[in-house]
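Notes follow the structure.
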Amino acid sequence: MNMVFERKLPIPMEVKEQFPLSAKLESLIYKRDAELKAIFRGEDDRLILNIGPCSADNEDSVIDYISRLRRVQDEVKDKIFIMPRIYTNKPRTTGDGYKGMLHQPDPNEKPDMYKGIVAIRKLHLRALSETGFSCSDEMLYPENHRYLNDLLAYVAIGARSVENQQHRLTASGLDIPVGMKNPTAGDISVMMNSITAAQHKHTFLYRGWEVHSQGNPYAHAILRGYMNKHGQSMPNYHYEDLANLCEIYYASGLSNPAVIIDTNHANSGKKYGEQPRIVMEVLNSCRLNPDIKRLVKGFMIESYIEDGAQKIGECVYGKSITDPCLGWEKTEKLIYEIADRI
């Protein structure tokens with residue numbers, strides 16, 4: 001076997017015992033979980049904003065950013081449900097590059113998975129205790145989910161993972177909303193099959209156990225655009241795309257039809273400044289078509305303190321070291337504009 005076994009890492013229960021969730025914070029999570037599920041069931045018409053840095057790279061700047069969201073949330077709470085992104089894993093197309101806080105809690109130092117496991121739990125706990133936000137994360141590695149499963153409000157399955165059986169089956173055993181992105185090639189049927197699998201019951205192997213999942217009625221779609229055969233970014237948030245998804249979704253018989261629109265990635269061609277325009281176009285589609293309005297539950301927006309992105313080692317506070325993000329001033333303005341439009 002061509003690998004070196006560095007050390008055996010602690011199991012999730014041991015890490016949770018070291019960094020426990022208090023009864024007060026557990027109650028807060030329960031309340032936010034109930035509110036979020038009501039939105040996906042169509043019983044609450046607030047719009048979800050899954051918003052934050054492309055990748056959580058620094059604890060202090062991430063908490064600073066989320067604290068700013070807290071103030072805005074209090075002002076728009078009747079119209080918008082803010083769910084900050086704390087993405088602690090970063091998928092890499094070629095496998096190279098910064099893989100997120102789980103791998104490298106300090107991007108300027110070598111990978112350390114033990115420190116990473118501790119760092120991501122402490123970060124999610126700090127966000128919850130200091131801002132009252134339970135947050136979202138990407139489930140890049142299904143076997144690692146239980147290090148955070150008691151803290152998360154929402155999980156996303158990425159475009160490169162959505163066709164993977166273990167991701168689908170693990171999602172079927174979660175009791176929080178799970179968003180399934182369309183794959184990078186854009187085949188909507190792959191995404192819909194993933195949602196179907198996640199909503200069904202299964203028996204499978206998980207962390208050395210034979211487990212029985214009960215199915216997740218809150219598994220839903222995320223449209224993030226795709227790449228065509230020429231490697232060009234192609235959007236799938238336009239009116240025709242949403243109308244087509246409505247037709248497919250409502251004919252499927254799936255529970256709680258829902259879609260979140262990812263405004264960056266291939267939908268924007270990674271032109272982060274396009275995100276506000278994309279949001280407004282989708283809101284206009286919602287006004288024109290009641291079926292689209294029922295289906296669209298919110299947006300996924302990549303945003304941080306400073307506009308754009310930087311290389312690792314440049315050390316600009318609050319600026320992404322992965323995909324470029326919308327800066328705070330533009331983000332704040334966008335949130336208020338969304339509240340005015342709905």
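The values are calculated or read from the model by the stated rules, or taken from the named source; none is laboratory data. Predicted model, so just to flag it, every value in this text is computed and none were measured. Positions of Cβ are generated from backbone atoms using ideal geometry, with glycine treated the same way; all protein chains shown enter the neighbour counts.
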Qualifying helices (runs of 4 or more DSSP H) (wholly inside segment 12-91; at least 1 residues being within 15 Å of Ile260 (Cα to Cα) and β-branched (Val, Ile, Thr)): 23-41
Taking Ile278 as the residue in question, decide whether it is surrounded by 15 or more Cβ atoms within 10 Å (Cβ to Cβ) and part of a helix (DSSP H, G or I). yes
Within segment 239-260, identify whether any single residue is small (Gly, Ala, Ser), out of contact with any helix residue (DSSP H, G or I) (no Cβ under 7 Å at 6 or more places or on another chain), farther than 26 Å from Lys330 by Cβ and surrounded by fewer than 16 Cβ atoms within 10 Å (Cβ to Cβ), and answer yes or no. yes
Scanning segment 326-342 residue by residue, the ones that are out of contact with any helix residue (DSSP H, G or I) (no Cβ under 7 Å at 6 or more places or on another chain), surrounded by 18 or more Cβ atoms within 10 Å (Cβ to Cβ) and in a helix (DSSP H, G or I) total 1
For a quick check of your reading of the model, give me the residue pairs whose first member lies in segment 17-44 and is on the phi < 0 side of the Ramachandran plot and in contact (Cβ under 8 Å) with a residue 40 or more places away in the chain, whose second is surrounded by 12 or more Cβ atoms within 10 Å (Cβ to Cβ) and part of a helix (DSSP H, G or I), with beta-carbon atoms closer than 7 Å and at least 6 apart or on different chains. Phe19/Arg121; Phe19/Lys122; Phe19/Leu125; Leu25/Leu128; Leu25/Ser129; Leu28/Leu128
So which residues in segment 304-335 are aliphatic (A, V, I, L, M) and at pLDDT 95 or above? Ile305, Leu326, Leu334, Ile335
Out of (1) part of a helix (DSSP H, G or I); (2) of a type in the set (A, V, I, L, M, F, W, C); (3) closer than 24 Å to Arg160 by Cα; (4) in contact with a Leu (Cβ under 9 Å, 6 or more places away or on another chain), what's the single condition that is false for Ala266? (4)
Report, ordered by the first and then the second residue, all pairs with beta carbons closer than 7 Å, sequence separation of six or more or different chains, a first member in segment 256-273 that is free of Cβ contacts under 8 Å to residues at least 60 places away in the same chain, and a second member that is assigned to a loop (DSSP other than H, G, I, E, B) and of a type in the set (Gly, Ala, Ser). Asn267/Gly225
Can you run down the residue pairs with Cβ atoms below 6 Å, 6 or more apart or on separate chains, where the first is in segment 196-209 and assigned to a strand (DSSP E or B) and the partner is surrounded by 15 or more Cβ atoms within 10 Å (Cβ to Cβ)? His202/Leu169; His202/Ser172; His202/Ser213; Phe204/Leu169
Would you be able to say whether some residue in segment 289-296 is touching a Phe, Trp or Tyr at 6+ places or on another chain (Cβ under 8 Å), crowded, with 20+ Cβ neighbours inside 10 Å and within 16 Å of Asn58 (Cα to Cα)? no
Of (1) part of a helix (DSSP H, G or I); (2) surrounded by fewer than 20 Cβ atoms within 10 Å (Cβ to Cβ); (3) touching a residue at least 60 places away in the same chain (Cβ under 8 Å), Asn108 satisfies every one except (1)
Tell me which residues, restricted to segment 294-342, are within 13 Å of Glu274 (Cα to Cα), free of Cβ contacts under 8 Å to residues at least 60 places away in the same chain and among the β-branched types (Val, Ile, Thr). none
Considering segment 123-179 alone, what residues qualify as being polar (S, T, N, Q) and at pLDDT below 95? Asn144
Among the residues of segment 318-325, is any closer than 30 Å to Ser255 by Cα, out of contact with any Lys or Arg (no Cβ under 8 Å at 6 or more places or on another chain) and either of a type in the set (S, T, N, Q) or outside any strand (DSSP E or B) (or both)? no
Here is a list: Lys311, Lys293, Lys297, Lys229. Which entry is part of a strand (DSSP E or B) and basic (Lys, Arg)? Lys297
